[in-house]
Amino acid sequence: MIVPPRGVVRRDGGLWAFERALLRRGLAPVAGADEAGRGACAGPLVVGAAVLPDGRRGRVPGLDDSKALTPAVREQVYEEVIARAAAWSVVVIPPQEVDRRGLHVCNVAGMRRALAQLSITPAYVLTDGFPVAGLGVPGLAMWKGDQVAACIAAASIVAKVTRDRLMVDLHERYPHYEFASHKGYVTPEHTAALRRHGPCPEHRFSYVNVENAAMTFADLLGA
């Protein structure tokens, strides 16, 4: 039996090294998936998926891990990603669903849904952090994938910018929580607002800090 040579991924190949290695093995297009909001205690969990074209068009200027970019730069890169991507999609999972089903289940299900919604069927899938079963195509879960694979970095940008915009909209509805600044993550300001006002419907009540704030606020109202 003749065994084909293994694909080689060069460590100095940059964000596009994995996609190029898979392309050489005939596994294209490659889709990436990533989430935003996993660590937040308020607001939705948002999952993005993206397929970048081969060649110069797929070399998105400024593409990097979304958390490493300033908000202004991230917005610019987002516009480049959606203009250049061969396909992209986004799934928004409300906090009520996160409470009901659990964070990890929602995370993996969200990646599966986002990948299924792509207008192009990928030959291979790269996901950030967690494997996703039931896709019908081979895939690889990558530790810190948004830092080492371009398609995951693009998906991360789509998810992060979409979620940031949603949190700014929520700030208009619930201004006393300052969602526009911390985007629902646990900060001293957010914690203080939770203690002062109690949680709102956009908080994740399955999270210990939110549950405790709800109980404390209820006690204050009943005092």
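The values are calculated or read from the model by the stated rules, or taken from the named source; none is laboratory data. Here the structure is a predicted model, which means the values were calculated and not measured. Because the Cβ atoms are built from the backbone with ideal geometry, glycine has one as well, and the counts that use them run over all protein chains shown.
Descriptive notes on the structure:
- Scanning the range 137-148 finds one or more residues that are within 16 Å of the chain's Cα centre (by Cα), under 23 Å from P53 (Cβ atoms) and crowded, with 24+ Cβ neighbours inside 10 Å.
- Residue that is nearest to the chain's Cα centre (by Cα), among those in the range 41-67 that are buried (at least 24 other Cβ atoms within 10 Å of the Cβ) and either on the phi > 0 side of the Ramachandran plot or small (G, A, S) (or both): G48
- For the range 83-100, filtering for residues that are over 22 Å from R38 (Cα atoms) and surrounded by 16 or more Cβ atoms within 10 Å (Cβ to Cβ) leaves 4.
- Each residue in the range 196-223 was checked for being surrounded by 13 or more Cβ atoms within 10 Å (Cβ to Cβ), among the charged types (D, E, K, R) and more than 19 Å from D164 (Cα to Cα), and 1 pass.
- Just one of the listed residues (L69, L63, L15) is at pLDDT below 95 and under 30 Å from T191 (Cβ atoms), namely L69.
- Test: L103 is surrounded by fewer than 20 Cβ atoms within 10 Å (Cβ to Cβ) and farther than 21 Å from L63 by Cβ: yes
- Wholly enclosed helices (runs of 4 or more DSSP H) of the range 48-145 bearing at least 2 residues over 30 Å from A180 (Cβ atoms): 103-116
- Exactly one residue among G139, G134 is at pLDDT 95 or above and farther than 14 Å from A85 by Cα, and that residue is G139.
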